[in-house]
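Below is one structure, written out as structure tokens; the observations come after it.
The values are calculated or read from the model by the stated rules, or taken from the named source; none is laboratory data. Quick caveat, the model's predicted, so the values are computed rather than measured. Cβ placement follows ideal geometry from the backbone for every residue including glycine, while neighbour counts extend to all protein chains displayed. With ligands, DNA and RNA removed, areas are computed over all heavy atoms of the protein, side chains included. Shrake-Rupley method; radii C 1.70, N 1.55, O 1.52, S 1.80 Å.
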Amino acid sequence: MGTQGADHYFSSQPSTPLKRRPLTVFLAGAERRLQTAGGIFSPDGVDKGTTVLLNEAPPPATAGNLLDVGCGWGPIALSLALRSPAATVYAVDVNERSIDLTNDNARALGLSNVHASTPVAVDPALRFDTIWSNPPIRVGKEELHSILLMWLPRLADGGTAYLVVQKNLGSDSLQRWLATELAGRFPDAGFTVSRDSTHKAFRVLKVSRPQDRAGD
């Protein structure tokens, strides 16, 4: 999954030589002509999990800040930007090749509202109205948990996150862990974790943060 030889898609600097090639895919209702390269996640197209997420998740927020965690060549971030042109889309990845491809693909589509970068380059004060992710399960449980705990608590009031996870890679146990961990670490935030939908081998998990009711 997302590897070429010993070169993992979660390497910060892939060892495989950079060789870009054209990629034609269907995103946000139309055919898009983009670029891809080896040494990244799913270099040959939109993988099955991301396809499920793009098809099953409700429409993203139309404004505010949106986030794609683990952007690859950009299918989720580009779809968010195409569907919500008034929003600002942040895309994060540790793979520098993925970051460059996502930014270049956004420019090719005329999308000035996409900003791909490493996670540490994102202003920690930013809060996100929508988070979509096909999280990198294969980095290992400890690292995956660290990634999710970095971003999910940064949902804005009223914000929602949608994560697509294969059932046989632990979607149900991840749902239980998220519910317990978010409630334990942020008891006043009111996070809820639920299964939004199931499609064949995948589940789409929903994490919600309620509107701030302090003024009620």
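Yes/no per residue for (1) in contact with a Phe, Trp or Tyr (Cβ under 9 Å, 6 or more places away or on another chain); (2) hydroxyl-bearing (Ser, Thr, Tyr); (3) crowded, with 18+ Cβ neighbours inside 10 Å; (4) at pLDDT below 95:
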| site | (1), (2), (3), (4) |
| --- | --- |
| 3 | yes, yes, no, yes |
| 17 | no, no, no, yes |
| 30 | no, no, no, no |
| 69 | yes, no, yes, no |
| 76 | yes, no, yes, no |
| 81 | no, no, yes, no |
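Do we find that residue 133 is polar (S, T, N, Q), open to solvent by less than 20 Å² (accessible area, probe 1.4 Å) and in contact (Cβ under 8 Å) with a residue 12 or more places away in the chain in this structure? Taking the combined requirement at face value, the residue satisfies it. For the range 183-194, check the following and say yes or no: at least one residue is out of contact with any Pro (no Cβ under 6 Å at 6 or more places or on another chain) and closer than 21 Å to residue 92 by Cα. So far as the range 183-194 goes, no, none of its residues is out of contact with any Pro (no Cβ under 6 Å at 6 or more places or on another chain) and closer than 21 Å to residue 92 by Cα. Residue 86 falls short on exactly one of the conditions (1) at pLDDT 95 or above; (2) open to solvent by 30 Å² or more (accessible area, probe 1.4 Å); (3) under 26 Å from residue 193 (Cα atoms); (4) not acidic (Asp, Glu), and that condition is (3). Of all the criteria given as (1) open to solvent by less than 30 Å² (accessible area, probe 1.4 Å); (2) under 29 Å from residue 21 (Cβ atoms), the one not satisfied by residue 148 is (2).
The residue of the range 25-42 that is farthest from the chain's Cα centre (by Cα), among those that are hydrophobic (A, V, I, L, M, F, W, C) and outside any loop (DSSP other than H, G, I, E, B), is 30.
Of all residues in the range 89-124, which are open to solvent by less than 70 Å² (accessible area, probe 1.4 Å), at pLDDT 95 or above and in a loop (DSSP other than H, G, I, E, B)? Within the range 89-124, 93, 109, 110, 111, 113, 118, 122 meet the criteria.
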